[in-house]
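Asks: Please read through the structure below; I'll follow up with questions.
Read-outs: derived from the displayed coordinates by stated rules, not from any lab. In this text, all values refer to a predicted model and were calculated from it rather than measured experimentally. Using ideal geometry, Cβ is built from the backbone for each residue, glycine included, and neighbour counts are taken over all protein chains shown.
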Amino acid sequence: MKRDVVILAIETSCDETSMALVKNGNEVLAMTVLSQMDTHADFGGVVPEIASRMHTENITMVLSETLAKANMDVSQVDAIAVTYSPGLLGSLLVGIECAKVLSMVYDKPLIAVNHTMGHIFANQIENEMVYPLLALIVSGGHTDLVMMKSPYDIDILGSTVDDSIGEVYDKVARVLGLKYPGGPNVEKLAREGTFSYNLPKAMKEPNYQFSFSGLKSAVINLVHNEEQRGHEVRLADLANSFQTVAVDELLRKVELAFQNTGVKEMILAGGVSANRYLREKMEELANKYQVHFHVPAFQYCTDNAAMIGAAAYPLYLKKKFASYDLNAQSNFDIKAYIETLKEP
Ligand code: KG4
Ligand code: ZN
């Protein structure tokens, strides 16, 4: 009989201090997410210095609260997992130092988890990931379409050639005068409008490269031109038109992958996967091609430690443990990461 594996996972890459206890990569025994969003909203975005200071202030409390929720202590877990990349350097370091201390004191293996992989494995919580599967990563830092043959065998089909979709949502939010966090606010406003502005579609070529900068510039220019002419911008209509074109760009590439690969499983990953319009449109497309489509539950779409515990599980099974030299890496090169998975 297989023994249960419980991983204590730590996530501090941006503005959420989060810890979770995850059993066998798919069962969340406890999770705590302490968001700093309200503090950063006053500044219009995450302030790195404030973020790391708040992680330092809160991390011990988040640890004791998480353990108390599951009525466990650190000696009962099998490993300590922590996000080491990508993210804000100072923020990542708070989580990493905490993980190292727990690992040393309790003599537990340390597992270094990539945050973007965490977003992918959020799909494993409450759902089985069936391979081969197509994963669309739509986050603040990334827009990638990848084919996974197993947790350790990943091919990149295509990535954005310019901005990530999350970044563009956030920029558009700003020109529309919406508050941080941009993405959810654009989505909310879009629901009140109709598709009535003519915005350029991105690349027409049948490849897997995404592009969003043309769309972003078009929205910015439109707002500025209308303001200069003294015209009123129909903000909800513009949000709706932007979202329709942006999501369409994602749909076209995914449809191409359905046609070319015949894949029958698909997942969405990353903060933008919390977007209901995207979830609905992607589901429609998947139904058309008879593809099983999964998205994480809303609480696992945005940053959280449960997804880090889920992503750590396949690494635990392969004994891919980190040394105490582990350092934070602010940038993430998905290609380089995939190579590390192949190492024996
Ligand atoms: O995946 P994530 O945590 O970022 C990285 O790990 O890089 O996602 C954050 C991004 C932000 O750009 C945020 O605006 C966007 O996800 N986001 C959304 C929604 N919720 C979060 N974008 C559109 N619609 C949403 N409902
Ligand atoms: Zn994230």
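Asks: With the cut-off at 1.5 for a/c, could you classify the stretch 1-51 from its C-alpha gyration tensor as rounded, prolate or oblate? Can you show the working numbers first?
Replies: Values: a/c = 5.09, a/b = 3.62, b/c = 1.40.
Here the stretch 1-51 falls in the prolate category.
Asks: List the trypsin sites (Lys or Arg not before Pro) in the stretch 164-270 that DSSP assigns to loop (not H, G, I, E or B) and whose Cβ has at most 16 other Cβ atoms within 10 Å. Which are they? Can you show the working numbers first?
Replies: Values: sites: 171, 174, 179, 188, 191, 201, 204, 216, 229, 234, 252, 253, 264; in loops: 179, 191, 201, 204, 229, 234, 264.
Here the trypsin sites (Lys or Arg not before Pro) that fit, given the DSSP loop and packing criteria, are 179, 191, 201, 204, 229, 234, 264.
Asks: Gaussian network model of the chain, Cα springs within a sub-10 Å range: biggest mean-square fluctuation belongs to which of 310, 135, 202?
Replies: 202
Asks: So which trypsin sites (Lys or Arg not before Pro) in the stretch 299-344 are both in a DSSP loop and have at most 13 other Cβ atoms within 10 Å of their Cβ? Walk me through the numbers before you get to the answer.
Replies: Details: sites: 318, 319, 320, 335, 342; in loops: 318, 319, 320.
Here the sparse-neighbourhood loop sites are 318, 319.
Asks: What range in the chain is the longest one free of GluC sites (Glu not before Pro) that are in a loop by DSSP and have at most 10 other Cβ atoms within 10 angstrom? Show your work: numbers first, answer last.
Replies: Numbers: sites that count: 128, 232.
Maximal segment without exposed cleavage sites: 1-127.
Asks: Taking every DSSP beta bridge with both residues inside the chain, roughly what % is antiparallel (nearest 5)?
Replies: On the way: 27 of 44 bridges.
Beta bridges within the chain, antiparallel portion: roughly 60 percent.
Asks: Quick check: the angle from helix 48-70's long axis to the longest principal axis of the chain, C-alpha only, nearest 10 degrees?
Replies: Approximately 50 degrees, to the nearest ten.
Asks: I would also like to ask the following. Cross-link partners among lysines for residue 108, C-alpha distance below 19 Å, same-chain residues fewer than 8 apart left out?
Replies: 23, 100, 318, 319, 320
Asks: Then there is this: Go ahead and set up a Gaussian network model of the chain, Cα springs under 10 Å, then flag whichever of 323, 213, 103 fluctuates most.
Replies: Fluctuation is largest for 323.
Asks: Still on this structure: With contacts defined as alpha carbon pairs under 8 Å and 6 or more residues apart, what's the relative contact order of the stretch 128-210 in percent? Don't skip to the end; give the middle numbers.
Replies: On the way: 108 pairs, mean separation 19.3, N = 83.
Relative contact order of the stretch 128-210: 23 percent.
Asks: Further, regarding this structure: For the chain, take the longest principal axis of its alpha carbons; what is the angle in degrees between that and the long axis of helix 306-317, to the nearest 10 within 0 to 90?
Replies: 50 degrees
Asks: Additional query: Could you state the angle between the C-alpha long axis of helix 235-261 and the longest principal axis of the C-alpha atoms of the chain, as a value from 0 to 90 degrees rounded to the nearest 10?
Replies: 60 degrees
Asks: What lysines sit close enough to residue 188 to cross-link, taking a C-alpha to C-alpha distance under 20 Å and skipping anything fewer than 8 places away on the same chain?
Replies: 171, 179, 216, 281
Asks: Can you pull out the trypsin sites (Lys or Arg not before Pro) in the stretch 1-70 whose DSSP state is coil and whose Cβ has at most 15 other Cβ atoms within 10 Å? Don't skip to the answer; put the middle values down first.
Replies: Working: sites: 2, 3, 23, 53, 69; in loops: 2, 3.
In loop regions of the stretch 1-70 (DSSP not H, G, I, E or B), the sparsely surrounded trypsin sites (Lys or Arg not before Pro) are 2, 3.
Asks: So what are the ³J(HN,Hα) numbers for the stretch 161-173, from phi and the Karplus equation (6.51, -1.76, 1.60; θ = phi - 60°), rounded to whole Hz, Gly and Pro as x?
Replies: After applying 6.51 cos²θ - 1.76 cosθ + 1.60, I find 8, 9, 7, 7, 5, x, 4, 5, 4, 5, 5, 4, 4 Hz.
Asks: On to the next question. Local charge sum around residue 6 (other residues, Cβ-Cβ under 11 Å, Lys/Arg +1, Asp/Glu -1)? Mind showing how you got there, number by number?
Replies: Values: positive: 3, 23, 108; negative: 4, 27, 78.
Value of the local net charge: 0.
Asks: Mind listing the phi-derived Karplus ³J(HN,Hα) values for the stretch 178-194, rounded to whole Hz, using 6.51, -1.76 and 1.60 with θ = phi - 60°, and x for any glycine or proline?
Replies: Whole-Hz 3J(HN,Hα) from phi for the stretch 178-194: 8, 7, 5, x, x, x, x, 6, 5, 4, 4, 5, 4, 5, 8, x, 10.
Asks: For the stretch 300-344 and the stretch 164-220, compute the distance between their C-alpha centroids and round to whole Å.
Replies: So the separation of the two Cα centres works out to 30 Å.
Asks: Mind computing the radius of gyration and Dmax over the alpha-carbon atoms of the chain? Å is fine for both.
Replies: So, for the chain, Rg and Dmax equal 20.4, 72 Å respectively.
Asks: What's the center-to-center distance, using Cα atoms, between the stretch 92-132 and the stretch 241-297 in Å?
Replies: 26 Å
Asks: Can you give the % of DSSP beta bridges in the stretch 129-295 that are antiparallel, to the nearest 5? Write out the running numbers ahead of the final one.
Replies: Working: 12 of 20 bridges.
Once the DSSP bridges in the stretch 129-295 are tallied, antiparallel ones form about 60 percent.
Asks: Picking from 218, 20, 30, which is most flexible by a Gaussian network model of the chain using Cα springs under 10 Å?
Replies: Per the Cα network of the chain with a 10 Å cutoff, 218 tops the list.
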